[in-house]
Amino acid sequence: MQLTLTSENRLDLNHTLTSGQTFRWERIGEWWYGVVGRNVLKLKQNNSKLVFESYPEEVDKELIRSYFRLDDNLSSITRKIRKDKVISEAISSFEGLRIIRQNLWECLVSYLCATNSNIKVITQMISNLCRKFGKRIVFEGREFYLFPESKALARATLSDLTDCRLGYRAPHLRHTAQQIENGSVNLHEIMRLEYEQARRNLLGRSPGGKTLLGIGPKAADCILLFSMEKLESFPIDVWIKRLILEKYRHLFEDKFLHRLASTKSLGGGVYVATADRMRSYFGRYAGYAQEYLYSYARTRLAKVTYSM
DNA sequence: GCATCACCTAGAGG
DNA sequence: ACCTCTAGGTGAT
């Protein structure tokens, strides 16, 4: 099957799949292989043609369209977020980079695992989880695994999870899986709320403690952006922090910049204030701006540690 | 609220 | 060989 891209729904598969949003895609030769929902997907792009296959079920164009958010009018969005020279250069360097529409549960687990880690290690953790708890599918002689159901992770023993090299995240993940499984947290309901309200729910505290262990402001923003349709969400990780301290100082007061620079990990207050400012600057598609800036920062910015 | 600290892990650099 | 640091942070005190 194939799908024709137009200037309205331009897509760059490589930029999109290497942007650190998802941890489940692998490039083998000229094809990208990944697992989406119940199927293995195999994709390649020739200019405006997107060729795809799937297994075991045949997926239709609509699934591809939805997954890569091809209904977002990218040229209109980039026009709206192109506020300055920095973002402008980022957009030009990564044309066709899109936000991927991820599954709620998979996204939650992925970003719970992503705390204080790096892409390579995160990919390994997720892969271990899928191999241990997900359904196996053999396609073209290769093994693939579906993403495990919440039930499977809620029932998992702690040692099964630590075997997946999750480290201190293992009890967080099990607790979170149990909250989902017993219905005390309903991701679909949270998704229906407005950004602020949804974020409060993800970070929420209940009398007994935190509802979703392992989910802080950064992880919450990623979940909101990648799986809850909150395109205004602007997650701040170390790369975006570096970029802000280098290129967007003028948006903040000196005193605040000093605080931002001096804290190794962004505490709640500093994080929220920074993210709020960036959201108000870029507007309702701030999340797209963040993705372009993130790719730009990772490839262009020198690695400097800001500690004053 | 706000700092400080501990925490799994793999890999790089001294 | 060993340390130390870093990497898409969060939770407890």
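Summary of computed values
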quantity	calculated
Label-point gap, in nm, between residue A:12 and residue A:28 - each point 7 angstrom along Cα→Cβ	2.6 nm
Within straight-line cross-link reach of residue A:49, lysines at Cα separation under 29 Å, skipping those fewer than 8 residues along the same chain	A:61, A:80, A:230
Directionally averaged projected area (convex hull, Cα atoms, chain A), nm²	16.2 nm²
Pairs of alpha carbons in segment A:104-227 whose separation is greater than 25 Å (percent)	22 percent
Table column - 3J(HN,Hα) (Hz), segment A:157-165, Karplus curve with 6.51, -1.76, 1.60, x for Gly and Pro	7, 4, 6, 4, 6, 5, 4, 7, 6
Within the accessible area of segment A:2-71 (1.4 Å probe), percent carbon and sulfur	41 percent
Solvent-accessible surface (1.4 angstrom probe) belonging to residue A:259, in square angstrom, nearest 10	130 Å²
Protection proxy ranking of A:218-226, A:149-157, A:184-192 - average other beta-carbon atoms within 10 Å, highest first	A:218-226, A:149-157, A:184-192
Computed over segment A:19-75, Cα set: Rg, Dmax in Å	11.6, 35
Estimated Rh, segment A:1-40: Kirkwood, alpha-carbon pairs, angstrom	11.7 Å
Per-residue SASA entry for residue A:57, accessible area with 1.4 Å probe, Å² rounded to 10	70 Å²
P(r) histogram, all alpha-carbon pairs of segment A:41-197 included - 10 Å bins from 0, percent	9, 28, 33, 24, 7, 0
Carbon + sulfur, % of accessible area of segment A:104-227 - ligands and nucleic acids excluded, 1.4 Å	49 percent
Inter-centroid distance (Cα atoms) of segment A:190-222 relative to segment A:31-89, Å	28 Å
Accessible surface, segment A:2-71, averaged per residue in Å² (probe 1.4 Å)	47 Å²
Segment A:145-261 - charge dipole about Cα centre, Lys and Arg +1 at Cβ, Asp and Glu -1, debye rounded to 20	340 debye
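The values are calculated or read from the model by the stated rules, or taken from the named source; none is laboratory data. Everything numeric in this text was worked out from a predicted model, so none of it was measured. Heads up, the Cβs are rebuilt from the backbone with ideal geometry, glycines too, and the neighbour counts pull from every protein chain shown. When the accessible area is computed, the model is the full protein with side chains, heavy atoms only, and any ligands, DNA or RNA have been set aside. Shrake-Rupley method; radii C 1.70, N 1.55, O 1.52, S 1.80 Å.
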